[in-house]
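Engineer: Take a look at this one; I'll ask things after.
Just so it is clear, none of the values below were taken in a lab; they were calculated from the coordinates. Please read all numbers here as calculations on a predicted model, not as lab measurements. Every residue, glycine as well, gets a Cβ built from its backbone with ideal geometry; the counts of neighbours run over all protein chains shown.
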Ligand code: NI
């Protein structure tokens, strides 16, 4: 199966708001399979369609990459509830290689989405999975994890980000 190239920081499609998927068809299933493959080969725990240059609300994730059972494919995910409680977790992103940052986000959430069979699903998540879901839904809205860093921290990363943007990263 052909993998996708991953869009890197500076690529315009990472900043677009992705479109809602209106229809499930075999092409979409193939697309999602290729996303899963790309995530696995990239050793990621999540991947959004915008990261492979496709502006659709689709994301795949697996908080335990060694297990197949924990793989989740989400179409049109929508976070419907967030906990007041927050935690700090270090995040990275296949589209922002070489950079990691500790980000504060709600520690638990509830998400609704369509699975690849077209069924509507509702999922409560906490810990790493809740974190991945928020990171991926951000991607679908054109938001990157570095946007959540403090201005001071971002200033420290400015050179690295510039290098990524110009393809020298
Ligand atoms: Ni990411």
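Engineer: Looking only at segment 115-130, which residues have a backbone nitrogen under 20 Å from a spot 7 Å from the Cα of residue 29 in the C-beta direction?
Structural biologist: Output list for this probe position: 115-121.
Engineer: Okay, next question. Debye calculation, C-alpha points only, no solvent: report log10 I(q)/I(0) for the chain at q = 0.11, 0.17 Å⁻¹, in the same order as the q values.
Structural biologist: Rounded to two decimals, the profile gives -0.43, -1.06.
Engineer: Among 71-81, 17-27, 153-163, how do they line up from the highest to the lowest mean number of other beta-carbon atoms within 10 Å? The partial results should precede the final answer.
Structural biologist: On the way: 71-81: 17.7, 17-27: 11.4, 153-163: 13.1.
Final packing ranking: 71-81, 153-163, 17-27.
Engineer: Pairs of Cα atoms under 8 Å, at least six residues apart: use those to get the relative contact order of segment 1-98, whole percent. Intermediate results must be reported in sequence, preceding the final value.
Structural biologist: Numbers: 130 pairs, mean separation 29.6, N = 98.
Dividing the mean separation by the residue count of segment 1-98 yields 30 percent.
Engineer: With a bin width of 10 angstrom, please list the P(r) values of segment 62-149 as percents of all Cα-Cα pairs, from the 0 bin to the one holding the largest distance.
Structural biologist: The distribution over segment 62-149 is 16, 48, 32, 3, given as percents.
Engineer: Where the eigenvalues come from the Cα gyration tensor of segment 98-137, what are the semi-axes √(5λ) of the equivalent ellipsoid, largest first, in whole Å? List each step's numbers first, then the result.
Structural biologist: Working: eigenvalues 112, 31, 8 Å².
Semi-axis lengths for segment 98-137 are 24, 13, 6 Å.
Engineer: Here's a follow-up. Quick check on the chain: helices-only [θ] at 222 nm, where DSSP H runs of length 4 and up contribute -39,500 (n - 2.57) each and the sum goes over total residues. Nearest 500, please. Mind showing how you got there, number by number?
Structural biologist: Working: 4 runs with 44 residues, N = 169.
-8000 deg cm²/dmol, from helical runs alone.
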